[in-house]
Amino acid sequence: MSVPTDTTPRTDAAASRSTGPRLPDIPGPLETLGSAWRRLRKMSTALLLLFALAAASVVATVIPQAPVTPQSVAQWRAGTAGPGTAVASGLDALNLFDVFGSWWFAVLVVLLFTSLTGCLLPRYAAFARVVRRPPAAGRNFGRLSHAQTSTTELAPEEALARAERLLRRRRFRSRRVGRQLAAERGHWREGGSLLFHTAFYLLLLGAVIGKVFGFTGQVTIPEGSAFAETRIAYDAAEPGRWWDLSDHRGFVVTLDDFDVSYFPNFVPRDFVSTVTISEQDEPVRTETVRVNHPLHHRGMNLYQSSFGMAPHIIVRAGNRVLLDERFMLAPASGQNVWTGTAKVKFDDPSQQIALDLALAPDAKLRDGQPVLGPDPAPRNPVLVGSLYFGELGLERPVPASQFRRSGPPVDTTMLRPGKTAQLAEGSLSVEFVDLGYWSGLQVSHQPGRWILLAGGLLLLIGLVPSLYSYRRRIWVEAGPHPNGSRVTLAGVALQRKTAFADEFAALDEALRRELDAHPAATQERPH
Amino acid sequence: MVNESLAQTSNTLFNVAFVGYIVAMVAYFFRLAFTQVTAENQVAGTAAGRRVGLTGTVLASAAWLVHLGSVVTRGMAAGRVPWANMYEYSSILALGAVIVGLVVVQRRFGYGHLVGFVLAAAVLSMTTGLLLFTEAGPVVPALNSYWIKIHVAAMMSASSIFIVGFVATVLYLVKDTAERRTADRSGSAFSGSTVGAAQAQAPADARPEGYEADAGAPGGPAVAGPLVQREALSPLLFPLVPAAVVAAFVLIVWRTPGIAIVAASVAALLGTASWYAVPYLPPAARLDNLAYRTIAFAFPVLTFGVMAGAIWAEESWGRYWGWDPKETGSFFTWVLYAAYLHARSTHGWRGRRAGWIGGIAFVALMITYYAVNLWIVGLHSYAGV
């Protein structure tokens with residue numbers, strides 16, 4: 001896929017000095033600019049740019065993309081997956097892990113839009129001229145692809161008037177020129193094409209506005225907890241360049257309840273978060289957020305995006321409560337188990353306590369060992385806690401699950417909801433109060449989506465006539481004849497000639513019926 | 001919940017339709033075999049060919065109705081739209097391709113003898129569907145939206161029309177090659193391709209009405225002229241290339257040599273059939289026109305489908321476009337089909353080059369549909385098998 005390299009570095013300059021196709025014929029940079037601009041305006045250049053765009057998207061399908069699958073990209077960079085670190089660093093140098101965010105993709109888009117602009121500007125002008133020009137009179141009908149002559153008893157004037165009515169009914173623009181009626185139709189072909197291509201500017205505008213002024217963030221909340229719509233509350237956020245901290249709305253979202261239901265074959269049926277939104281400590285609305293049913297509040301949209309088990313755990317040392325929390329567990333891949341690590345005590349680096357948690361929603365105990373079932377709904381949950389003690393390194397800025405395990409756990413216990421276990425010879429007690437859920441919400445602000453929608457609509461409205469409509473001209477000429485008048489119907493189409501052949505035949509028949517005319521056998525022209 | 005007996009009925013109807021299509025396809029190929037080229041350079045079928053062809057049409061239509069019944073009962077059994085997994089989607093792709101073949105290719109354009117190729121594509125799609133068979137069942141919440149009716153229906157319609165467009169494109173490229181080579185051999189000044197001529201002046205009549213009319217004429221000695229086209233093409237390449245491609249595909253995907261051999265044999269048969277059919281194919285310009293009309297019809301539908309998908313993504317995942325593999329793939333496909341439409345009106349690109357772009361665009365569509373669902377992890381993966 002070769003983008004013509006000689007045009008690449010000069011395009012911006014070429015675009016800004018869009019002095020049109022006719023530049024003074026002097027050698028030097030201006031002429032080079034002119035030729036670059038002319039080349040960029042060619043349809044074959046636009047085609048090559050389209051192929052380059054397609055090639056870029058193939059690359060993006062084959063190579064994992066950081067914004068979509070960051071884990072895979074990390075594995076490729078680390079060499080644990082993919083072709084190896086050397087190749088990965090090469091890919092990194094070319095921004096191939098983020099094709100659609102790369103500088104060269106942006107250059108490609110700019111080139112494509114420059115080329116589009118170069119194609120469109122002269123076409124707008126030409127279209128405006130053509131549309132305003134009235135249908136022109138015709139000559140030498142015998143040379144046209146379609147011509148039929150017939151005789152009628154009507155006077156020429158009357159015949160033309162009736163023909164004019166017929167053509168108007170068939171939505172032709174017509175004009176009387178002497179004894180002739182000149183008509184044409186099908187400007188929507190070019191008009192639709194222009195509309196279709198113009199819509200891309202709207203799409204670009206909408207996408208840029210969404211990117212620059214938009215915000216997307218992920219937040220996880222256990223049942224009963226709340227988060228305030230501020231930057232700090234998000235686990236991950238992608239603010240647009242001009243999204244300001246003060247643009248956050250500051251309302252508080254409380255997760256009252258989360259519910260997941262399953263079909264008998266364990267396929268999830270629905271995820272429902274019930275949330276209450278409060279403004280200035282006043283609850284304003286309570287609504288559900290479900291997949292495909294986002295909640296809109298003050299320009300922010302809340303989407304259901306993930307969920308998990310969240311057992312309520314209290315850890316006590318004697319009467320002192322070390323931990324009292326609805327603890328969020330993550331799904332263990334490939335198993336019907338949820339896992340997590342609780343930092344119970346980490347102030348003193350040498351005497352830290354960590355609790356590895358594993359929750360099986362469907363577990364039967366057989367000989368003191370849990371046997372896992374396939375049911376994802378927590379009808380029979382068991383929580384397994386493994387206690388670690390000592391220099392665990394919990395104070396380090398790493399995920400809790402990566403603490404230093406120097407040996408087997410100090411103690412292990414299995415709990416049903418509502419039960420309490422004594423660990424490490426009674427020095428610690430762990431209470432599994434009850435089992436709840438946490439819910440992951442995506443919160444986003446997307447300005448510009450109405451512009452995108454409008455652009456999409458215009459694009460479709462333009463696309464259909466640009467493919468189906470066709471320019472055609474029709475002439476009706478009426479001359480005197482011994483029995484009335486001799487009427488010639490002639491026509492020519494610029495596109496879709498086979499479709500026009502049918503249309504012309506139908507028009508010919510309709511006109512004869514309208515004029516009560518008979519084919520003039522001797523005058524009929526072959527076509 | 002799932003109505004088991006209805007689901008069973010649906011599966012039975014699917015199998016009946018599958019067999020029906022295969023028999024109809026054979027009948028259509030027989031019709032092709034009974035086709036001759038008359039002295040006026042008209043393609044005509046013999047009386048026997050006409051009877052077999054009629055049988056094929058009746059069979060294909062009946063099988064299509066049975067197939068429709070299979071799709072409807074499947075939807076009733078699962079209590080939702082019958083296009084929520086790859087088995088169902090492949091099934092409807094075939095359903096759409098067959099009806100487009102019967103209505104557009106046979107009735108509107110009058111190329112009845114080409115429907116065998118469309119049926120072959122439909123059978124291929126149904127076979128992939130069978131390999132990806134899933135029991136009727138409910139869908140995950142993300143798919144539980146009225147947008148599945150809009151987005152997926154648009155994508156299916158577009159894809160099934162593109163299947164017919166692809167068949168026409170491939171036949172066009174084959175026919176065009178034959179026309180060029182015979183023109184080269186006869187040393188004619190004419191460039192060979194009828195496409196250039198078509199741009200200057202469209203064929204006076206896109207529907208060869210004489211086809212069935214002079215079919216009753218006893219098969220006189222076929223004129224050597226058009227049959228030269230067959231000799232201009234290598235009889236080995238036609239069975240070998242499709243067989244190799246299909247065998248490689250099946251081996252890579254399913255790793256089953258048995259199925260690969262069967263599929264490769266079928267592909268070789270199809271290749272031989274198209275080699276045999278070359279003289280009877282409509283002129284390249286008309287095949288090109290058929291390909292263009294079908295692709296131009298499906299392209300706005302595809303565009304609408306991609307947009308509907310973006311709106312659904314906005315509603316379901318909170319962003320309208322995230323370059324998820326499926327989104328990237330559909331963008332890729334859309335750009336290639338757009339390039340096809342542009343190429344067809346660009347000097348130096350129309351004709352064979354445009355045809356190749358159209359063919360590659362269809363391959364992109366199939367990759368976007370199958371490969372992205374089966375091997376590449378993304379948000380659309382749940383729609384998988």
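Derivation of every value follows stated rules applied to the coordinates shown; laboratory data play no part. These numbers were taken from a predicted model, which means no experiment stands behind them. In this analysis, Cβ positions are derived from the backbone assuming ideal geometry, glycine residues included, and neighbour counts consider all displayed protein chains.
Structure notes:
- Averaged over the residues of A:455-464, the number of partner chain Cβ atoms lying within 10 Å of the residue Cβ comes to 3.
- Legend: mean number of C-beta atoms from other chains within 10 angstrom of residue C-beta atoms, peptide B:306-313, equals 2.
- Gain in span if fully extended, A:ALA424 to A:LEU494, counting 0.36 nm per residue against the direct Cα distance: 16.1 nm
- Compactness of the range B:261-362, expressed as Rg and Dmax over alpha-carbon positions, Å: 17.8, 55
- Our analysis of the range B:222-282 gives Rg over Rh at 1.15, with the two radii drawn from alpha carbon positions and Rh computed by the Kirkwood formula.
- Distant-in-sequence amide H partners of B:ARG319 (H built 1.01 Å from N, under 5 Å): B:GLU314
- Computed E for B:ARG107/B:VAL228 - FRET, C-beta separation, R0 22 angstrom, nearest 0.05: 0.10
- Simple label model, 7 Å out from Cα along Cβ direction - A:VAL58 to A:TRP450, nm: 4.1 nm
- Ranked B:ARG293, B:ARG50, B:ARG108, criterion: other C-beta atoms within 10 Å, fewest first: B:ARG108, B:ARG50, B:ARG293
- Hypothetical label at A:ASP257: residues of the range A:210-231 whose amide nitrogen lies under 16 Å (7 Å Cα-Cβ projection): A:223-225
- Alpha-carbon geometry of the range B:309-366: the Rg and the Dmax are 14.4, 44 Å, given in that order.
- For A:LYS364, the aspartates and glutamates whose Cα comes closer than 16 Å to its Cα, not counting residues fewer than 8 places off in the same chain, are A:ASP375.
- Debye, to nearest 20: dipole size of the range A:412-527, +1 on Lys, Arg Cβ, -1 on Asp, Glu Cβ: 380 debye
- Unit charges on C-beta of K, R, D, E only; dipole of the protein assembly as shown, Debye: 4080 debye
- Once the Cα-Cα distance is subtracted from the 0.36 nm per residue extended length, the A:ASP502 to A:GLN369 segment shows a gain of 39.8 nm.
- Rounded FRET efficiency, nearest 0.05, which uses the C-beta distance separating B:SER345 from B:VAL262 and R0 of 30 Å: 0.10
- With contacts taken as Cα pairs under 8 Å and at least 6 residues apart, chain A reaches a relative contact order of 19 percent.
- Hypothetical label at A:ARG404: residues of the range A:319-352 whose amide nitrogen lies under 13 Å (7 Å Cα-Cβ projection): A:349-352
- Packing around the peptides A:238-250, B:302-314, taken as the average count of other Cβ atoms within 10 Å per residue, puts them in this order, highest first: B:302-314, A:238-250.
- Mean partner shielding of peptide B:134-143, defined as the number of other chain Cβ atoms within 10 Å of each residue Cβ, is 4.
- Put a dot 7 Å past the Cα of A:THR288, heading toward its Cβ, do the same for A:ASP347, and the two dots end up 4.4 nm apart.
- Note on the range B:29-120: the C-alpha convex hull projects to 6.5 nm² when averaged across all orientations.
- A:SER350 sits among other residues whose Cβ lies under 13 Å from its own Cβ, and their net charge, with Lys and Arg +1 and Asp and Glu -1, is -2.
- Each of the peptides A:347-354, B:59-66, A:296-303 was scored by the mean count of other Cβ atoms within 10 Å over its residues; in descending order, highest first, they stand as B:59-66, A:296-303, A:347-354.
- Efficiency of FRET from Cβ geometry, A:ARG169 and A:ARG39, R₀ 51 Å, rounded to 0.05: 0.60
- Taken over the C-alpha atoms, the protein assembly as shown has Rg and Dmax values of 34.2, 125 angstrom.
- Here the peptides B:131-142, B:269-280 are ranked by packing, the mean other Cβ count within 10 Å, and the order with the highest first is B:269-280, B:131-142.
- Residues in the range B:303-322 reached by a label modelled at A:PHE200 [backbone nitrogen below 16 Å; 7 Å Cα→Cβ]: B:303
- Considering only A:ALA237, A:LEU460, A:ALA136, and ranking their Cα positions along the charge dipole of chain A that arises from unit charges at the beta-carbon of Lys, Arg, Asp and Glu, the one farthest toward the positive end is A:ALA136.
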